């Protein structure tokens, strides 16, 4: 009987090779993964840059002013 640590290592190695072999042998999947990567880049890099400007950087000169503004916004009663 194998020790528990060896069983865990064997399990993770088996899972790794399952995905590794599957990725190596896929044909259409590589193209789909490339499209997913491009889409994520567009979503997180380009769209963030266009639609979510750094408002605090534009309105305030230093970190103390920014921190005070955020504290006021979080603690004010509505």
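Counting residues that are exposed (fewer than 10 other Cβ atoms within 10 Å of the Cβ) and more than 23 Å from the chain's Cα centre (by Cα), which helices (runs of 4 or more DSSP H) fully inside the stretch 11-78 reach at least 3?
Fully inside the stretch 11-78 and qualifying: 63-75.
Looking at the stretch 1-10, which of its residues are assigned to a helix (DSSP H, G or I) and loosely packed, with under 10 Cβ neighbours inside 10 Å?
4, 5
Computed from the coordinates by the stated procedures, all read-outs in this text should not be read as laboratory data. Source: prediction; values computed, not measured. Quick reminder, even Gly has a Cβ in these numbers, built from the backbone with ideal geometry, and neighbours come from all protein chains shown.
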